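In what follows, a single structure is set out as C-alpha cells and then discussed.
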C-alpha cells in the first residue's frame with residue numbers, strides 16, 4: 001500500500017482546486033466591478049458633453065475629478081484581470097516617461113474632497129528639477145493613491161498634510177508628512193508586510209502598502225517610512241530617474 005503517496009496526491013489536487021476557485025472568484029469579482037465602472041464613465045462623459053443640459057463650471061470641476069477616478073479604477077481592474085490571466089499573478093509593467101509631479105497633482109485633486117471631509121488641508125510642493133521617471137503610469141499612480149489614502153485616513157482631523165516631490169541623487173522622490181499616531185520601530189518594519197493592518201477603526205486587509213512596495217521595488221525604487229513620538233509621520237518612495245531604465249522590461253509579482 002502506498003498511502004503516503006495517495007494522500008499527497010489528494011492534497012495537491014485539493015490545493016489546485018482551491019487555487020482555481022480563488023482565481024475564478026477574484027476574476028469574476030473584478031469583471032463584475034468593471035461593468036458599472038464603464039457605465040459610470042460613459043454617463044459622466046455624456047453629462048460633460050451637455051447631452052442632458054448645461055453644466056455649471058462648479059459641477060464640471062467635480063464631475064471631471066470623478067471621471068478621472070472612474071478611469072483610474074477601470075485601469076486598475078483591467079490590471080487585476082490581466083494578473084489573474086497570467087501565471088502566479090505577475091503583471092508586466094509598461095515603460096513610458098512618467099511625471100511624478102503630475103501624478104501627485106492628479107491624485108491630490110481626486111482626494112481633495114475626502115481630505116476636506118476631515119478638515120485636512122493639503123499643501124503640495126514640487127521641488128524637483130527632474131520629475132520624470134521611466135515606468136508604468138497606472139501602477140505608479142496606484143502607489144501614490146494608496147499613500148494619499150492612508151495619509152488622509154490616519155491623519156488627525158483638522159491638520160495639514162504636506163506633499164513633496166523632490167530629487168535625491170539619481171532619484172525622483174515622493175513623500176507626504178502628516179500628524180498621525182506614532183508607529184514604533186517594530187511596527188515600521190512590518191508596515192509593508194502582507195496582510196498587516198494596525199488600525200482597529202478602519203476597514204482594511206493590509207494589502208495597499210504591501211502592493212505599493214512591490215510596485216516601487218519593481219521600478220528599482222525604495223519605499224520608506226519614518227514615525228516620531230511627537231506624532232509626525234513620513235511615508236514615501238524614491239525611483240531612479242536615469243534614462244538607462246527606458247528600455248528595461250520589468251514585471252511585478254504580488
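The values are calculated or read from the model by the stated rules, or taken from the named source; none is laboratory data. Remember, predicted model here, so these are calculated numbers, not experimental data. No Cβ is skipped: glycine too gets one built from the backbone with ideal geometry, and neighbour counts run over all protein chains shown.
Scanning the range 140-150 finds no residues that are over 29 Å from residue 243 (Cα atoms) and part of a strand (DSSP E or B).
Residue-by-condition table, conditions (1) farther than 14 Å from residue 134 by Cβ; (2) touching a strand residue (DSSP E or B) at 6+ places or on another chain (Cβ under 8 Å); (3) surrounded by 13 or more Cβ atoms within 10 Å (Cβ to Cβ); (4) at pLDDT 80 or above:
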| residue | (1), (2), (3), (4) |
| --- | --- |
| 191 | yes, yes, yes, yes |
| 197 | yes, no, yes, no |
| 203 | yes, no, no, no |
| 206 | yes, no, yes, no |
| 213 | yes, yes, yes, yes |
| 236 | yes, yes, yes, yes |
| 243 | no, yes, no, yes |
| 246 | no, yes, no, yes |
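Out of everything in the range 85-97 that is surrounded by fewer than 16 Cβ atoms within 10 Å (Cβ to Cβ) and in contact with a helix residue (DSSP H, G or I) (Cβ under 8 Å, 6 or more places away or on another chain), what residue ends up being modelled with the highest pLDDT? Taking the candidates together, the pick is 96. The residues of the range 100-123 that are surrounded by fewer than 16 Cβ atoms within 10 Å (Cβ to Cβ) and outside any helix (DSSP H, G or I), listed by number, are 118, 119, 121, 123. Across the range 109-127, the number of residues qualifying as touching a strand residue (DSSP E or B) at 6+ places or on another chain (Cβ under 8 Å) and modelled with pLDDT of 90 or more comes to 8. Residues 166, 182, 162: which one is surrounded by fewer than 18 Cβ atoms within 10 Å (Cβ to Cβ), in contact with a strand residue (DSSP E or B) (Cβ under 9 Å, 6 or more places away or on another chain), assigned to a strand (DSSP E or B) and at pLDDT 90 or above? Being surrounded by fewer than 18 Cβ atoms within 10 Å (Cβ to Cβ), in contact with a strand residue (DSSP E or B) (Cβ under 9 Å, 6 or more places away or on another chain), assigned to a strand (DSSP E or B) and at pLDDT 90 or above holds for just one of 166, 182, 162, which is 162. Among 47, 62, which is in a helix (DSSP H, G or I), outside the structural domain of residue 208 (by TED's automatic domain parsing), at pLDDT 85 or above and farther than 21 Å from residue 104 by Cβ? Only one candidate passes the filter, namely 47.
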